[in-house]
Structure formats: C-alpha cells, structure tokens
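Here the structure comes first, spelled out in structure tokens, and everything after it is commentary.
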There are 2 protein chains.
Amino acid sequence: MSEGTRDQVLEVAARGRAAAADLAPLPRGVKDTALHAIADALLERAAEILAANRVDVERARESGTEEYMLDRLSLDADRLAAIAAAVRNVAGLPDPVGEAVRGYTLPNGLELRQLRVPLGVVGIIYEGRPNVTVDAAALTLKSGNAVLLRGSSSAYDSNTALVNVMRDALAGTEVPADAIQLVPGRDRESVKHLMRARGLVDVLIPRGGASLINSVVEESTVPVIETGVGNCAVYVDASADVDMALSILVNAKTQRPSVCNAAETLLVHADIADVFVPRALEALKDRGVTVHGDERIAAFSADVVPATVEDYRTEYLSLDIAAAIVDSLDEAVAHIRAYGSGHTEAIVTSSQPAARRFTALVDSAAVAVNASTRFTDGEEFGFGAEIGISTQKLHARGPMGLPELTSTKYVFVGEGHVRG
Amino acid sequence: MSEGTRDQVLEVAARGRAAAADLAPLPRGVKDTALHAIADALLERAAEILAANRVDVERARESGTEEYMLDRLSLDADRLAAIAAAVRNVAGLPDPVGEAVRGYTLPNGLELRQLRVPLGVVGIIYEGRPNVTVDAAALTLKSGNAVLLRGSSSAYDSNTALVNVMRDALAGTEVPADAIQLVPGRDRESVKHLMRARGLVDVLIPRGGASLINSVVEESTVPVIETGVGNCAVYVDASADVDMALSILVNAKTQRPSVCNAAETLLVHADIADVFVPRALEALKDRGVTVHGDERIAAFSADVVPATVEDYRTEYLSLDIAAAIVDSLDEAVAHIRAYGSGHTEAIVTSSQPAARRFTALVDSAAVAVNASTRFTDGEEFGFGAEIGISTQKLHARGPMGLPELTSTKYVFVGEGHVRG
C-alpha cells in the first residue's frame, strides 16, 4: 500500500487534533520537561539519526544534488548537539499560553479577559533541512500546538528518524506522542491532502522558495501564513552618510546572500549618486557582486549589467543586486511598492523628516533606518527563536516567535449576568 | 456591457490599492473630519437614499421576499439618522493606527518598535442590510483601510446611493474617494473575481449565513476572516444555581434568537437534571421554544421533539433548541468539540474548579462563566464598534473592533548598525 493517501493524511491530522486538545491545557512545566526529554533523546540516539541521515545524503549525492544542498541536508554530531541545544533554549523561553492580552471589568460588572491559547494543529511544509524538523516541533510543542511535519522527500529518512526519536521521548512524559507527527508520503499528493484538511488543521506554514509558497497559497483551503520570500531594498537618501551607506549596503548584500533578509535591490537618490555610486560599485565588485543596473547606474561603470524589470522583481539569493537611481524618496517608495516582496527595506539618511516619511510610506513587514536589512530575524529581535518570517499582513507579520503560534480566547465571568 | 466582469472588478481593486497607499499615513484628525462629512451628507441627502431604498424594497416585495427580510432591507429617516450617528461614534473612537504594540532597545542599541498599520484593502461580502454598507465603510476608513463593498443584489440600489453619497462627501476632504468603493455587478461572478484578486485585496470578510461563508472559504485565494456562524451551548453544571441557570438559558435562547450569539444547545449535568430540566422545559415552553432533546430529556415531557445528530450541529436562529443530558463536565466539553461552531459557550456553575476546567478545555472564541452567551459582542465588550465576530483562530478571534482591522510593521532605527 502506498503511503500518503488521503485517508492516511486525514487520519494523521485527526490524531493531531486529538493530541492538540490534550496538549492545550498542559502547564509550562510539563511542556519544558518534554522538551528536555527530546533534547536528551536526540543525543542518546545520535548514531541512529546520523545513520538515517547518511542514507538521505548518499541518495541525494547519487542523484546529482548540488554541494550546497548536500551541506544543508547533512547532519553530524556537532550539528545534532546544536539542534538539541536549540530545543533546550526553547524550553527556557516564556510560555505564551495563558498570557492575558487584554483584561478589564465591564460597566455591568462582567470580568473580561482575552487570553492566549494554542492555535491547535499546525502544519509545516519545508525543504531539505532536517534541523527544521526539530526546531518546528519544539516551538509548536512549547506553544501548546500539535505539529504535522512535511519536509522534503530528500530528507525523508532523516526526518523519520528524528520524529521517531522525539515521539519515543514524549512517551515518558505527560505530552501525547501525537503532538509530533510526520505527514506520511513522499510525493506531492500528500501535501495536497494536507492543504485540504480544513477543520482538522488550523494553519499551514510553508517555509521555502516562492514556488512552494505560491502553490500552497493557491490550493490550500486551510489558512496559510506566507513566509520567507525577501526581495529587500536598501535606499540611499540624498542626505546619507556615505561611509555608513556603503557599510550597510555591503553588509545587507554580502554578509549572507542566501537568506531572505539579504538585500536584492539598491536605490540611490540622484543627488548623491555621483559621490556614492562609484564607491558602491567598487565595494560590491571587490566582494564579487554583479550589479544589474539601470542606464544611469550603468553610466558609472562598464561592469554593470543592464537591468530588466525582471531584475527588480528577483530574489537573487546570490551575489547579484539590482540597482537604480531615483529622483526622490517618493520614487524609491514607488519602486519598492511596485517590485518589492514586503519583507524589509532600509533607508540610509541623516534627515529625520526623510526617515519619518520612508517608515510611514513603505508597506513592508520591517523598515530599517540606518541599519542593515539583515537584522529582521526573530533571534535578533529578541524573540529567542523563530518559526519563520511572515510577509503577509494577516495574523503575523515579520519574524514569528512563540506568541505568533497562538490565538486568543475571551473569557468573561459574571454572577448570573443576562442581557437586557 | 455587463457590470462586474473580471477586468472591472480588478480595476476597482487596483483603485482601492492606490487609495489605501494614500490613506495609510493620514492622521486621525483627517479621517475623523471625513467621517463627520459622511454623516452630514447621509442626513442632507436622505431623500435620495430613501428613494433608492424604496426601489429595492418594492422589487423585493414583488418577488415575494419574506416580511422579516423586507424589514432588514428597509430604511427610513430614523434608521438613517441612527446610521449617521454610528458614523460619528466611530469618529470618536481611538485610532488604532500607529499604536506601539511592542517596543524596546536591543542589546546592540537598535531601537525596535512594532507599530499598528492598516491592512490595506478590505473586501466585505454581506447580505441585505444597507446599514452594513455604511458601518463597514466607517470602520475601515477609521482604521486607514480602503474598502470594497459587495452587498446583496437585493440592496443594490440602496448601496449604490449610500456609496455615492459617501464618496461625494470624501471629495471635500483629504481622504481619497476610492477609499470607499462598491464592487460592480449583481451576480455571483463578480464575487468570484473579488475572491481571486490576491495581491490587490488584503483580506475578505464574509458576513452572512454559513453557505456564503463556506463558499468564500473554499474558493478564495485572498485571505479570509470567517465570521458569524454561532452554534452556542449553555452547559448547566451539577453545582449550578438553578434560578441563575434558568435566567441565563432563557436570556441566551430568547432575548434575540436570530443572532449568532444566541444559544442553540442546552447541556445539563445528570446530577441536576431532575431539578433543572422540568423547570427549564416549562420556561422554554412559556416563551414558545421547541426543545429537540435526547431520550433522557424527552423522558421529562411529551413536548420534547426527538433530537438527531443534525440538531446538535444546527444554528437554528429561531425559537428552537437542541438539548442533551451529560454525565460529566468532560462529556459536555466533548459534545461542544464535536458539534459546536467555536463561537461562545457558557457554563453555569457554583464550582470554581468546574469553571476553571470548562474555560480551559472549551476551544471557542468566547467562554462565559455564569453569564449569557449574548454578551459576546464588540459593543458589550467595550470595543465601541464591531465589524463582525470571527470564529477562526488566525488573526482575530471573537468580536472584531478597530485594532482587528490592522496589521503591524516593525521599525528599527540604528546609527549604521550592521550584522556581524
């Protein structure tokens, strides 16, 4: 019998739903004990996990997978220790469940409180990094949710081993083992069944490239939180400190080009272009960055590749950057509105009114003033951990920590109150 | 040319998007001035609005519409005055935009703030009450959003007149007229185009019956906030004060049976059934309520109609109630989980541990202790106004006021900060 049929996926979702009901009222102590049990088990059973991972890596290598993908897929003792340490870190974070978000007594004497509660069943669809399997399980467990994990088929053996170890660890605790489940099946069909499991699954969080996210958004009847696509811009205002602008541009583009908060577009105010652009092109060239520029940028150097509209829309995730000169701050905002992905945009400026206008008009999850786009991150923002970075406006926007994995419930208490 | 083609709907959505960008940074004073201009215009041009409404009412009467539907559809001078007063009330509410939800300085000196911002373009799909047209426009404008209104075709002339009057009123203010638009077209096709306008529309809020809401949820690629379906239960615990339980039950069922926070199910603990059920059946009978009960309820009176599983799932919105006896609080919770809609459930109890367990285990938007389900309402909760009651878990749950019509944006300010 093939794995991942509709019935099998729905059965897993229903077991998650039952586990979520048991998990929701558990106090923090119980959940933290379970997280430490998971961390212990990951270390104790490292040999088994690494053996399963070697199967995935070998299979991927034989099928011609690129080296950087093999690196993402690979585990070793050190990486496993880091994964276990991250689980203990989550245990140390405050429990969002039960937090009173609002609370007051109404004029009629009813006591009203709005309390954080778990979302219920959270489905995570992700690509070939086995560490996400454990990270996502730890964050959802801490926030009182049951998780359905659907990783890449390339990491199937690793993920199966990791989930088995985590579930076995839960068996010795008060947390139900079905709080952590792998979605059965290796093909896309099982993902489709998951996306149609409305009523059993409360939210799907796709983590990965634009095509994965778009297909989930298009097809899912389960509510989705979009994450991860970042076409971020650095705008160098007329009044920018040039050294600061260079430092921020180079950091945003090159410090880690493969991540969503790296810069993909440079916009320069015309009034500072003559001073800034030559130095920027030189600094980017020194670091191996190819600049795809408009005609006014290209006038500064023969190294500039002519940019098309497609360049302004592209999340390169590589040592490439699109660049254009704008005649005003408002033109920079218009460019960002037209081509950006709503992740993070930065302005470098010495003008307070310019900073105020840019932060007011730019409609992105995060806006940086005189700082690198690379700071948009749950750890950097002080959340302690991150399940992803939302680029949508509903529910959560920007880096999502534990509170973003909760909903709320109103409780009101009276002494026989009826409505007149 | 027929109205409501895909191109026409997308053009309206694109105009809304442009208006939303202009509207987002406007300060409270500008928006409040616009709201008062709208209220003034609704009163000044009452004759024109009421004439259009008479066309809708006549057409509906000729097509055999039921009297209570005609009543919902009808406007008169007093109702219009109340609608205008509600707009002025919204002008008096605090502006959620710009509120700092979180804010602190990070260890590296970056100043981080999470600020409320408008959602952008909000689509409202609703049934034949013209007052919703104005209410929804006022709430979305106050929260800095552009609105796309898609009311029932039965109210098309009324809605067209109301929107024309509101747009004309905006022409004399700094708020763009396209902040308030009617979705063109009277048929279902135009709704479908609206549901596929992802990227132009930020959220759809369907207000109406279960079938409307389900079809939007199934077909929309635009994120949806589900509202309005309420299959609410009153659970009478073993330790309940019987007089209090009767008072709450009668209020929850009969004070206004047609609304979503009215009770549709009664659950009674077996230990109190002999004392409570006969009095409850009598009180409900006195008020014309038909009880659809299980066998143990039916044993108390020949008037009880045998209940099927379908009864427990039904939102009657009429003088009917489903009823069952349960042997424990946990059985009541299981019944609610199986059949409820996640809106509001009430427990009547003198036991503090029972109240605590019920509020912890029931997974609904609101849980009432010794109070009627009828209090789940934005006005009653002190929000000043309400755009609907969400029964989903993402973004907003329970009554939605102005803050629920916003998203957030992170702003971080440095002095040349780069990531190491």
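The values are calculated or read from the model by the stated rules, or taken from the named source; none is laboratory data. Please read all numbers here as calculations on a predicted model, not as lab measurements. No Cβ is skipped: glycine too gets one built from the backbone with ideal geometry, and neighbour counts run over all protein chains shown. Accessible surface areas use protein heavy atoms only, side chains included; no ligands, DNA or RNA. Shrake-Rupley method; radii C 1.70, N 1.55, O 1.52, S 1.80 Å.
A:Gly4 meets each of the listed conditions (1) at negative phi; (2) in contact (Cβ under 8 Å) with a residue 40 or more places away in the chain apart from (1). Confirm whether B:Glu226 is open to solvent by 30 Å² or more (accessible area, probe 1.4 Å), within 15 Å of the chain's Cα centre (by Cα) and within 11 Å of chain A (Cβ to nearest Cβ). In short, yes. Per the listing B:Ser247, B:Ser211, B:Ser239, the residue uniquely of a type outside the set (A, V, I, L, M) and farther than 19 Å from A:Gly416 by Cβ is B:Ser211. Here region A:327-340 is the region considered, the condition is being buried (at least 22 other Cβ atoms within 10 Å of the Cβ) and either in contact (Cβ under 8 Å) with a residue 40 or more places away in the chain or in contact with a Ser or Thr (Cβ under 9 Å, 6 or more places away or on another chain) (or both), and the residue that is farthest from A:Phe300 (Cα to Cα) is A:Gly340. For region B:381-402, taking the residues that are at the interface with chain A (Cβ under 7 Å from one of its Cβ atoms) and under 23 Å from B:Pro257 (Cβ atoms), the one that is surrounded by the most Cβ atoms within 10 Å (Cβ to Cβ) is identified as B:Gly398.
Looking only at region A:261-276, residues that are open to solvent by 30 Å² or more (accessible area, probe 1.4 Å) and outside any helix (DSSP H, G or I) come to 0 in all.
Suppose we filter region A:44-54 for residues that are within 23 Å of A:Gly128 (Cβ to Cβ), open to solvent by 10 Å² or more (accessible area, probe 1.4 Å) and in a helix (DSSP H, G or I); how many remain?
Filtering region A:44-54 down to residues within 23 Å of A:Gly128 (Cβ to Cβ) leaves A:45-54.
From what is left, the residues that are open to solvent by 10 Å² or more (accessible area, probe 1.4 Å) are A:45-48, A:50-52, A:54.
Narrowing further to those that are in a helix (DSSP H, G or I): A:46-48, A:50-52, A:54.
Going through region A:44-54 one residue at a time, the tally reaches 7.
For the residues B:Arg72, B:Arg59, the requirement of being closer than 22 Å to B:Leu212 by Cβ, part of a helix (DSSP H, G or I) and either at pLDDT 95 or above or of a type in the set (Asp, Glu) (or both) singles out B:Arg59.
Out of all the residues in region B:406-419, is one or more within 15 Å of the chain's Cα centre (by Cα) and more than 7 Å from chain A (Cβ to nearest Cβ)?
Quick first cut of region B:406-419, residues within 15 Å of the chain's Cα centre (by Cα) only: none.
No: zero hits.
Of all residues in region B:343-352, those satisfying the criterion of being of a type in the set (Gly, Ala, Ser) and more than 10 Å from chain A (Cβ to nearest Cβ) are B:Ser350, B:Ser351.
Scan region B:277-305 residue by residue and report those that are part of a helix (DSSP H, G or I) and surrounded by fewer than 23 Cβ atoms within 10 Å (Cβ to Cβ). Walk me through it before giving the result.
To start, the set of residues in region B:277-305 that are part of a helix (DSSP H, G or I) comprises B:277-286, B:295-298.
If the condition is that a residue be part of a helix (DSSP H, G or I) and surrounded by fewer than 23 Cβ atoms within 10 Å (Cβ to Cβ), then B:Pro278, B:Arg279, B:Leu281, B:Glu282, B:Ala283, B:Lys285, B:Asp286, B:Glu295, B:Arg296, B:Ala298 are the ones that fit.
Quick one: in region A:188-208, which of the residues that are assigned to a loop (DSSP other than H, G, I, E, B) and at negative phi is nearest to the other protein chains (Cβ to nearest Cβ)? Outline the logic, then answer.
Going residue by residue through region A:188-208, those that are assigned to a loop (DSSP other than H, G, I, E, B) are A:196-197, A:199-200, A:202, A:207-208.
Retained after the next criterion (residues that are at negative phi): A:196-197, A:200, A:202, A:207.
On the way: A:Arg196: 10, A:Ala197: 13, A:Leu200: 13, A:Asp202: 5, A:Arg207: 17 Å.
Ranking the candidates gives A:Asp202 first.
Scanning region A:199-208 for residues that are open to solvent by 10 Å² or more (accessible area, probe 1.4 Å) and closer than 21 Å to A:Ala179 by Cβ returns A:Gly199, A:Leu200, A:Asp202, A:Arg207. Tell me, yes or no, whether region B:380-393 has at least one residue that is assigned to a helix (DSSP H, G or I) and touching a residue at least 12 places away in the same chain (Cβ under 8 Å). So far as region B:380-393 goes, no, none of its residues is assigned to a helix (DSSP H, G or I) and touching a residue at least 12 places away in the same chain (Cβ under 8 Å).
Taking region A:19-29 as the range and being loosely packed, with under 15 Cβ neighbours inside 10 Å and either in a helix (DSSP H, G or I) or not assigned by TED's automatic domain parsing to the domain that holds A:Ala155 (or both) as the test, only A:Gly29 passes. Is it true that some residue in region B:267-276 is aromatic (Phe, Trp, Tyr), within 23 Å of the chain's Cα centre (by Cα) and farther than 21 Å from B:Phe375 by Cα? Within region B:267-276, none of the residues are aromatic (Phe, Trp, Tyr), within 23 Å of the chain's Cα centre (by Cα) and farther than 21 Å from B:Phe375 by Cα.
Restricting to region A:63-80, name every residue that is small (Gly, Ala, Ser) and farther than 16 Å from A:Thr133 by Cβ. Steps first, answer last, please.
Pass one, region A:63-80, residues small (Gly, Ala, Ser): A:63-64, A:74, A:77.
Once the filter is applied, which keeps residues that are small (Gly, Ala, Ser) and farther than 16 Å from A:Thr133 by Cβ, region A:63-80 yields A:Ser63, A:Gly64, A:Ala77.
Kindly evaluate B:Asp32 against the criterion of being open to solvent by less than 70 Å² (accessible area, probe 1.4 Å), assigned by TED's automatic domain parsing to the domain that holds B:Val163 and over 28 Å from B:Gly209 (Cα atoms). So B:Asp32 passes the test.
For region A:161-175, the set of residues classified as in a loop (DSSP other than H, G, I, E, B) and under 19 Å from A:Leu42 (Cβ atoms) consists of A:Gly172, A:Thr173, A:Val175, listed by residue number.
From B:Ser211, B:Ser158, B:Ser239, grab the single residue that is part of a loop (DSSP other than H, G, I, E, B) and either touching a residue at least 40 places away in the same chain (Cβ under 8 Å) or open to solvent by 30 Å² or more (accessible area, probe 1.4 Å) (or both).
Values: B:Ser211 fails: part of a loop (DSSP other than H, G, I, E, B); B:Ser158 fails: part of a loop (DSSP other than H, G, I, E, B).
Testing whether each residue is part of a loop (DSSP other than H, G, I, E, B) and either touching a residue at least 40 places away in the same chain (Cβ under 8 Å) or open to solvent by 30 Å² or more (accessible area, probe 1.4 Å) (or both) leaves just B:Ser239.
Determine whether region B:168-181 contains at least one residue that is of a type outside the set (Asp, Glu) and farther than 30 Å from B:Arg88 by Cβ. Within region B:168-181, none of the residues are of a type outside the set (Asp, Glu) and farther than 30 Å from B:Arg88 by Cβ.
Just one of the listed residues (A:Ala81, A:Ala86) is without any contact (Cβ under 8 Å) to a residue 60 or more places away in the chain, assigned to a helix (DSSP H, G or I), more than 24 Å from B:Lys393 (Cα to Cα) and hydrophobic (A, V, I, L, M, F, W, C), and it is A:Ala81. Which ones in region B:209-223 are small (Gly, Ala, Ser) and within 14 Å of chain A (Cβ to nearest Cβ)? Scanning region B:209-223 gives B:Ala210, B:Ser215, B:Ser220.
Restricting attention to region B:55-89, report how many residues are under 26 Å from the mean Cα position of the chain (by Cα) and either farther than 14 Å from B:Asp157 by Cβ or open to solvent by 20 Å² or more (accessible area, probe 1.4 Å) (or both). Give the derivation first.
Within region B:55-89, the first condition is being under 26 Å from the mean Cα position of the chain (by Cα), and the residues that meet it are B:56-57, B:60, B:65-89.
Imposing the further condition that a residue be either farther than 14 Å from B:Asp157 by Cβ or open to solvent by 20 Å² or more (accessible area, probe 1.4 Å) (or both) reduces the set to B:65-72, B:74-89.
Selection size over region B:55-89: 24.
Determine whether A:Gly128 is touching a residue at least 40 places away in the same chain (Cβ under 8 Å) and either on the phi > 0 side of the Ramachandran plot or out of contact with any Lys or Arg (no Cβ under 9 Å at 6 or more places or on another chain) (or both). Considered against the rule, which asks whether it is touching a residue at least 40 places away in the same chain (Cβ under 8 Å) and either on the phi > 0 side of the Ramachandran plot or out of contact with any Lys or Arg (no Cβ under 9 Å at 6 or more places or on another chain) (or both), A:Gly128 comes out as no.
Taking the options B:Ala360, B:Ala338, B:Ala355, name whichever one is touching a Pro at 6+ places or on another chain (Cβ under 9 Å), in a helix (DSSP H, G or I) and within 13 Å of chain A (Cβ to nearest Cβ). Explain how you work it out, then say what you get.
Working: B:Ala338 fails: touching a Pro at 6+ places or on another chain (Cβ under 9 Å); B:Ala355 fails: touching a Pro at 6+ places or on another chain (Cβ under 9 Å).
Exactly one of B:Ala360, B:Ala338, B:Ala355 is touching a Pro at 6+ places or on another chain (Cβ under 9 Å), in a helix (DSSP H, G or I) and within 13 Å of chain A (Cβ to nearest Cβ), namely B:Ala360.
The residues in region A:96-143 that are within 14 Å of another protein chain (Cβ to nearest Cβ) and open to solvent by 30 Å² or more (accessible area, probe 1.4 Å) can be counted, and the count is 16.
All conditions but one from (1) within 10 Å of chain B (Cβ to nearest Cβ); (2) not in a loop (DSSP other than H, G, I, E, B); (3) not aliphatic (A, V, I, L, M) apply to A:Asp377; the one that does not is (2). Checked across region B:349-363, the condition of being without any contact (Cβ under 8 Å) to a residue 60 or more places away in the chain, on the phi > 0 side of the Ramachandran plot and open to solvent by 10 Å² or more (accessible area, probe 1.4 Å) holds for no residue.
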